[in-house]
Amino acid sequence: MNEIGEKLKEARKEKGYTLDDLQQITKIQKRYLIAVEEGNLEVLPGNFYARAFIKQYADSVGLNGEQLIKEHIDALPQTDQSSYVAKSAPSTQTRSRGKNSGFLATLQDSLPTILIVLLVIAIIVAIYLAMSSANRNADDSSFIQEDESSNVVEVDDNDEIEEAGSDEDDPEGEGETPADDEDQEEEEPEEPEEPEEQVIEETDGSTNTTTYTVTGEHPESQQLELTADGGESWVSVEVDGEMANQALLTDGQSLVTEFDNNASSIVIVIGNASATTISLNENPLPYGEAATEAVRQEMYIEFE
C-alpha cells in the first residue's frame, strides 16, 4: 500500500499541488488524502472509500486511477459483501419455550388475531358513525327546504292593478331611463398568468467542467438527485459555497439534496461521470458535449 501512496505523492508534487490544493480539487478532506499517501487506509470511513479516494486522487494528478487500482488490487482492502447470518435457531427455540409457558404464551400467539378483530370492529364503528352523520345532515337539509317553502309570499290582486295603472299613466315610457349599453357589458375576468417554467441552458463547458444557467420560475422547494447507474461513484454537492451532501454511491443508490428558491449557485463534483446520472427538479441534467469522455466532472449551476 505504501507503494501506491508514494506514486500518488510523487505525481502530486510533479503537478505542483499541495494537499490543500488537492483538497479543493477533489473535495476530499485533507486528513483522508494524508492517510492515502501514508497507507493508513483504516482511517477512511470504509473499504469502498479507499478505492474511490485512490482513484479520484490518481485521476486528479494525471495518473490512470483504474489502472493503478488493478496493478495493486492485492494490496487494497476487499469490500465485504457477505450477507449477515440470520439468527433463526435462537428465535425458534425461544418460541418453542414460550409455548410451554401456559396462558401467557397462548395470549401472545393469539395477539395478532385479537388486533385484527379490534381493527375490524373499529372500521365498522367508523362506518356506522359516518352513515349516522350523513342521515342527520340529510334530515336537516330537508327541514330547511320545507321551512323555506313555507315563506312563499302571495301577491295581492290589488297590487297587480296598481302596477298596471302606473304603466297606463306613462304610455310613452318616458319615466324609464334607458340603460347604458356600455354599463351593461360585463368585464371579462382576466385569466391568471401561468408561471414560467424552469429552463436549463449550458453556457460554458470544457473537458472536466460544465456550467449551466437556470432561468424561469424557481419552485419554493427544489431538489437535486444524483444516481449511480452502472458502477460506483463518489459525489459531493455544495449549495451557495457550503457543503450540503457527499457520499460514495454504489450501483442503484441515489443522493438527494433539497434546497429552496433562495439558492443562487450549486457546485457538483462527480468521481465517475460515466456511471452517474443527474436531475434537477425531476428534469435530466446532461453532461456537456466536451465532457462526455471525462471520468471526473465538475458542474456549476447558476440560478437567475
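Output the number of residues of region 245-256 satisfying the condition of being in contact (Cβ under 8 Å) with a residue 40 or more places away in the chain and not in a loop (DSSP other than H, G, I, E, B).
Result for region 245-256: 2.
Just checking, does region 183-203 include any residue being surrounded by 12 or more Cβ atoms within 10 Å (Cβ to Cβ), within 30 Å of Gln23 (Cα to Cα) and either at pLDDT 80 or above or in contact with a helix residue (DSSP H, G or I) (Cβ under 9 Å, 6 or more places away or on another chain) (or both)?
The answer is yes; a qualifying residue exists.
Every residue in region 258-297 that is buried (at least 20 other Cβ atoms within 10 Å of the Cβ) and either of a type in the set (S, T, N, Q) or free of Cβ contacts under 8 Å to residues at least 24 places away in the same chain (or both), please.
Across region 258-297, the qualifying residues are Asn272, Thr276, Gln297.
Just to check your reading of the model, which residue among Ala105, Ala52, Ala58 is modelled with pLDDT under 90, closer than 20 Å to Val235 by Cβ and touching a helix residue (DSSP H, G or I) at 6+ places or on another chain (Cβ under 7 Å)?
Only one candidate passes the filter, namely Ala58.
Quickly run through region 16-29 and pick out the residues that are loosely packed, with under 13 Cβ neighbours inside 10 Å and either in the same structural domain as Ile268 (by TED's automatic domain parsing) or in a helix (DSSP H, G or I) (or both).
Residues satisfying the conditions are Asp20, Gln24.
Can you spot a residue in region 223-244 that is of a type outside the set (A, V, I, L, M), at negative phi, part of a loop (DSSP other than H, G, I, E, B) and over 20 Å from the mean Cα position of the chain (by Cα)?
For region 223-244, residues of a type outside the set (A, V, I, L, M), at negative phi, part of a loop (DSSP other than H, G, I, E, B) and over 20 Å from the mean Cα position of the chain (by Cα): present.
The values are calculated or read from the model by the stated rules, or taken from the named source; none is laboratory data. All figures in this text were calculated on a predicted structure; none of them were measured in a lab. FYI the Cβ positions are ideal-geometry reconstructions off the backbone, even for glycines, and counts take in every protein chain you see.
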